[in-house]
1. Hey, among Val276, Val299, which residue is surrounded by 14 or more Cβ atoms within 10 Å (Cβ to Cβ) and within 17 Å of Gly212 (Cα to Cα)?
2. Look through the range 246-265, keep the residues that are of a type in the set (D, E, K, R) and surrounded by fewer than 18 Cβ atoms within 10 Å (Cβ to Cβ), and return whichever of them is farthest from Asp214 (Cα to Cα).
3. Identify, please: which residue in the range 284-296 is within 16 Å of Gly140 (Cβ to Cβ) and charged (D, E, K, R) and is, among those, surrounded by the fewest Cβ atoms within 10 Å (Cβ to Cβ)?
4. For residues that are assigned to a strand (DSSP E or B), among the aromatic types (Phe, Trp, Tyr) and either more than 30 Å from Asp79 (Cβ to Cβ) or outside the structural domain of Ile135 (by TED's automatic domain parsing) (or both), tally how many sit in the range 179-210.
5. So which residues in the range 23-68 are hydrophobic (A, V, I, L, M, F, W, C) and without any contact (Cβ under 8 Å) to a residue 60 or more places away in the chain?
6. Name the single residue that is farthest from Gly81 (Cα to Cα) among those in the range 175-234 being among the hydroxyl-bearing types (Ser, Thr, Tyr) and in contact (Cβ under 8 Å) with a residue 60 or more places away in the chain.
7. Are there any pairs, at least 6 apart or on different chains, whose C-beta atoms fall under 8 Å, with the first in the range 141-161 and within 19 Å of Gly212 (Cβ to Cβ) and in the same structural domain as Ala128 (by TED's automatic domain parsing) and the second part of a helix (DSSP H, G or I) and not hydrophobic (A, V, I, L, M, F, W, C), and if so, which?
Amino acid sequence: MKRVGKAFFGALAALLALTACGRDAGGDTTVLHVGSQRGGTRAVLLASGALEGAPYTVEWSEFPAAQHLLEAIGGGAVDVGVVGDAPFIFAYQSGSRIKAVGAQFVEERPVGALALIVPKASAARSIADLKGRKIATTRGSVGHYLVIRALQQAKLPPDWVNFVFLSPGDAKAAFSSGAIDGWATWAPYLLPAFKEGARTIVDGHDLVKGYGFDVANEAAIRAKPAILADFLKREAKALAWARANPGPYGVVLARETGLPIEIARDYAIKNGRTLVPIDDALIEEQRQVLDDFHAAGAVRGDRALADGFDRSLFSEKVAN
């Protein structure tokens, strides 16, 4: 995996700023600007062919982590993209002009899909052994949230570890060089680390629920409701296709991520997602994420949680 340095993200931020200045989110109602994380939305939509015949053009942008994707959505450079529940809640409470318009759920998060790992030679066997140690993750990410949840479960204070907030590429380089003591990250970034002998200290299987959200810029929701609704419907079909066809999906996933085909297929089998409607129960489940971030001092925003969700674009009827 190539290191993604600060210079790259500086250039990316500048490019996104220029793009946003050149067009308001939702300005062109014949084009949907979709952001995708590595091995995410783009891979499943391309593999399934669900976009064939769409009466609009999809322009893709790829991002290394949810934080960068959410910055692009909030800034208007991207209309919509999928992120985990924790980064969405974090960004929304930070004041970003975004709303969740669709929800995705993995019934049972697979072991090894989200984890806090340590190098092979580390003496640590639990999070309690990492007192004062440097743990890398992306600020507001599902990895950040995993460590917060693990500390709560172990009845340890939020400052038990020292967070080092890095992009996945920089975290991988720091982990490999021994500059950090642990790394809280997710697949596909976990898989190469496991091949190099990394060990799991905390797995997200039982600690973090498998929710993700299609998050859209508020201006795009106002300007492109029909396009967004159609995209969500096609995405639901694509996810259903991926669950039923993990082999063909794994081939595309391997090509998109650079993962070995056997690992990509295994990930496709274990990480089957379903697009589900946003309802009161789902929103209330997200209150736990918000409360956990507040308790750890990670966020201080007090925006009404329900205001961060738009239920008008996707329904149970559409899902079926």
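1. Unique residue meeting the criteria: Val276.
2. Only one residue fits best here, namely Glu262.
3. It comes out as Asp291.
4. Residues that pass the stated criteria total 1.
5. Val31, Trp60, Phe63
6. Within the range 175-234, the match that is farthest from Gly81 (Cα to Cα) is Thr200.
7. Listed by first residue and then by second, the contacts come to Ser141/Gln67; Ser141/Pro87; Val142/Asp85; Val142/Pro87; Tyr145/Asp292; Ile148/Pro158; Ile148/Asp292; Arg149/Asp292.
Matching residues to (1) among the acidic types (Asp, Glu); (2) under 19 Å from the mean Cα position of the chain (by Cα):
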residue	(1), (2)
Pro157	no, no
Asn162	no, no
Gly169	no, yes
Ala179	no, no
Glu196	yes, no
Asp203	yes, yes
Leu207	no, yes
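The values are calculated or read from the model by the stated rules, or taken from the named source; none is laboratory data. Only a predicted model underlies this, so the values are computations on that prediction, with no experimental measurement involved. Every residue, glycine among them, receives a Cβ derived from its backbone with ideal geometry; neighbour counts consider all protein chains shown.
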